[in-house]
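Heads up: the structure comes next, in structure tokens.
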Amino acid sequence: MGLKGRDVITLEDFSVNEILKILDTARDMEKLLLKKRKMDLLEGYILATLFFEPSTRTRLSFESAMYRLGGSVIGFSSAEGTSVQKGESLADTIRTVEKYSDIIVLRHPRMGAARLAAEVAEIPIINAGDGSGHHPTQTLLDLYTIRKARGTLEKLNIGLLGDLKYGRTVHSLSLVLSKFNKKLYLISPEMLKMPQEIIHELNEKGVETIETSDLEAVLPELDVLYVTRIQKERFPDIQEYERVKGTYKITPELLDRAKDTLIIMHPLPRVDEIDYRVDRTRHAIYFEQVQNGVVVRMALLALILGVIE
Amino acid sequence: MNENEYERELRVRKIKDGTVIDHIPAGKALAVMKILGLTGKEGNTISIVMNVGSKKLGKKDVLKIEKKELRSKEVNAIALIAPSATINIIRDYKVVRKYKVRVPKEITKVIHCSNPACITNYREPTIPKFKVIKTNPLILKCMYCGRYTLEDDVIKQFEVSTA
């Protein structure tokens with residue numbers, strides 16, 4: 001089972017064993033990091049981070065992961081000031097940057113951009129989000145967080161809440177969860193329901209999908225509640241956004257109905273969907289998620305560049 | 001030759017060598033040409049017969065392409081809009097091969113992804129590719145963005161451009 005040289009476009013391309021291998025390696029990285037803040041596993045390697053769309057966590061955690069492993073980073077955090085503004089195609093940008101680096105992390109507003117990049121590039125491409133498409137490394141860190149908190153990925157009642165239409169993290173996550181769970185709660189306003197192609201795929205994989213807009217009704221059953229922001233920037237029509245913003249708000253009072261062991265996750269940034277008072281409850285693990293992002297990306301970089309097996 | 005036969009002869013005369021696509025649903029011949037990438041600028045004679053009587057379909061279109069033998073790989077894409085079509089390969093006025101079109105497992109080039117945010121709809125050196133998820137009604141899955149393009153979207157793509 002080799003991960004060396006693989007592109008990471010969507011986790012759909014990976015087997016359960018390969019995903020578990022990445023999560024196990026991340027656990028090792030977490031232990032190593034407690035002993036030593038900097039390693040030399042990737043010394044001499046260069047990571048290029050090409051971010052055509054803004055990002056805080058994903059880009060910084062990739063950079064942090066690369067530095068922790070002793071490697072170097074080049075790249076840009078917006079298309080401004082690059083040849084892209086002069087009209088260069090993504091394909092040409094990729095063909096150029098691959099001559100400067102050993103691995104590329106790409107975030108792009110167009111869906112399928114990472115797939116295209118992987119087709120033209122000789123070196124591995126990691127998708128860091130392609131519009132409303134996939135965001136596999138977020139999914140990996142989500143899986144890592146669930147497994148760390150609950151000790152397993154199987155037989156859990158997991159609810160995805162919020163913007164299920166445009167939110168790419170929930171698209172990726174739901175499809176991968178289907179490898180471990182055969183039931184999924186999809187909680188959203190009517191207007192922001194999960195796209196039919198994803199529901200179709202989930203059902204094809206034997207997953208029972210429970211679609212509802214009523215969070216309170218299903219909350220007592222949940223082991224994991226994955227909250228997402230309603231993303232203003234993805235709405236074609238701002239009036240539609242105004243109609244659904246603030247639909248859900250998780251408060252300590254609401255959580256009285258939940259299981260004691262419920263964990264609440266969020267890919268962040270949050271706006272007002274989780275009350276700040278929830279941060280202090282035992283349910284909140286979203287900042288732990290952030291920390292897990294670094295070790296998961298360390299594991300991925302080391303495995304794909306082939307310095308560990 | 002009676003009048004009917006004469007009329008028939010005029011409309012659908014036999015060709016010497018080439019391909020006859022028969023049993024195209026009435027009104028779809030131009031869209032079929034478009035899928036095959038035939039523009040009329042190729043130089044060979046192409047006869048389009050539209051809305052002629054058919055026992056099987058009531059009315060049908062027929063396309064005759066002279067001096068060109070289409071391979072099944074090339075023509076299968078027309079199954080997207082003309083699943084009833086039959087292909088006849090003609091040599092020296094005789095049908096030497098006859099087959100029905102089959103919806104292929106994958107479609108390339110012919111269709112555009114209906115998702116406006118898909119990278120294949122931008123200026124990039126890429127060819128749209130789809131996996132056929134289902135036929136009748138048709139569902140195609142874009143191999144780049146993963147979104148579905150449905151039968152209605154496909155028909156619309158060819159209707160607009162041939163109107």
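Worth a mention:
- Subset of the stretch A:96-114 [within 10 Å of another protein chain (Cβ to nearest Cβ) and either surrounded by fewer than 18 Cβ atoms within 10 Å (Cβ to Cβ) or within 23 Å of A:G293 (Cβ to Cβ) (or both)]: A:H108, A:P109, A:M111, A:A113, A:A114
- Residue match in the stretch A:79-92 (condition: farther than 29 Å from A:T145 by Cβ, within 14 Å of chain B (Cβ to nearest Cβ) and β-branched (V, I, T)): yes
- Conditions (1) at the interface with another protein chain (Cβ under 10 Å from one of its Cβ atoms); (2) of a type in the set (A, V, I, L, M, F, W, C); (3) not in a strand (DSSP E or B): number failed by B:V110: (1)
- All positions within the stretch A:121-161 that are in a loop (DSSP other than H, G, I, E, B) and under 16 Å from A:I198 (Cβ atoms): A:G131, A:S132, A:G133, A:H134, A:H135
- Residue check, A:K31 part of a loop (DSSP other than H, G, I, E, B), away from chain B (no Cβ under 14 Å) and surrounded by fewer than 24 Cβ atoms within 10 Å (Cβ to Cβ): no
- Among the residues of the stretch A:121-145, just one is within 13 Å of chain B (Cβ to nearest Cβ) and either over 25 Å from B:T126 (Cβ atoms) or acidic (D, E) (or both), namely A:D130.
- Those residues of the stretch A:193-211 which are in contact with a Phe, Trp or Tyr (Cβ under 7 Å, 6 or more places away or on another chain) and surrounded by 16 or more Cβ atoms within 10 Å (Cβ to Cβ), in sequence order: A:E197
- Scanning the stretch A:1-28 for residues that are of a type outside the set (D, E), within 14 Å of chain B (Cβ to nearest Cβ) and part of a helix (DSSP H, G or I) yields a total of 1.
- In the stretch A:60-88, the residue that is nearest to A:S101 (Cα to Cα) out of those that are surrounded by fewer than 22 Cβ atoms within 10 Å (Cβ to Cβ) and charged (D, E, K, R) is A:E63.
- Taking the conditions (1) in contact (Cβ under 8 Å) with a residue 24 or more places away in the chain; (2) outside any helix (DSSP H, G or I) in turn, B:I155 satisfies each one other than (2).
- Residue within the stretch A:69-82 that is closer than 20 Å to A:L42 by Cβ, under 20 Å from the mean Cα position of the chain (by Cα) and part of a strand (DSSP E or B) present: no
- The test for being more than 18 Å from the chain's Cα centre (by Cα), part of a helix (DSSP H, G or I) and more than 27 Å from A:E233 (Cα to Cα) holds for A:R95.
- Positions within the stretch B:16-37 being of a type in the set (K, R) and either under 15 Å from B:I111 (Cβ atoms) or crowded, with 19+ Cβ neighbours inside 10 Å (or both), in sequence order: B:K28, B:K34
Every residue, every condition in (1) out of contact with any Asp or Glu (no Cβ under 7 Å at 6 or more places or on another chain); (2) within 22 Å of A:D142 (Cα to Cα); (3) at pLDDT 95 or above, yes or no:
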position: A:I187; (1), (2), (3): yes, yes, yes
position: A:L192; (1), (2), (3): no, yes, no
position: A:P195; (1), (2), (3): yes, yes, no
position: A:E201; (1), (2), (3): yes, yes, no
position: A:E211; (1), (2), (3): yes, yes, yes
position: A:A217; (1), (2), (3): yes, no, yes
position: A:D223; (1), (2), (3): yes, yes, yes
position: A:V227; (1), (2), (3): no, yes, yes
position: A:K232; (1), (2), (3): yes, no, no
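- Matching residues in the stretch B:41-61 - criterion: being touching a Ser or Thr at 6+ places or on another chain (Cβ under 8 Å) and assigned to a strand (DSSP E or B): B:K60
- Number of positions in the stretch A:217-239 that are of a type in the set (D, E) and either closer than 16 Å to A:V271 by Cβ or exposed (fewer than 11 other Cβ atoms within 10 Å of the Cβ) (or both): 2
- Verdict on A:D260 being surrounded by fewer than 16 Cβ atoms within 10 Å (Cβ to Cβ) and farther than 23 Å from A:I146 by Cβ: no
- Selection count where residues are within 13 Å of another protein chain (Cβ to nearest Cβ), in contact (Cβ under 8 Å) with a residue 12 or more places away in the chain, surrounded by 15 or more Cβ atoms within 10 Å (Cβ to Cβ) and assigned to a loop (DSSP other than H, G, I, E, B), scope the stretch B:113-152: 10
- Enumeration of residues in the stretch B:73-125 that are closer than 28 Å to A:S132 by Cβ and β-branched (V, I, T): B:I107, B:T108, B:V110, B:I111, B:I119, B:T120
The values are calculated or read from the model by the stated rules, or taken from the named source; none is laboratory data. Not measured: the values here are computed from a predicted model. All Cβ positions, glycine included, derive from the backbone under ideal geometry; neighbour counts span all protein chains shown.
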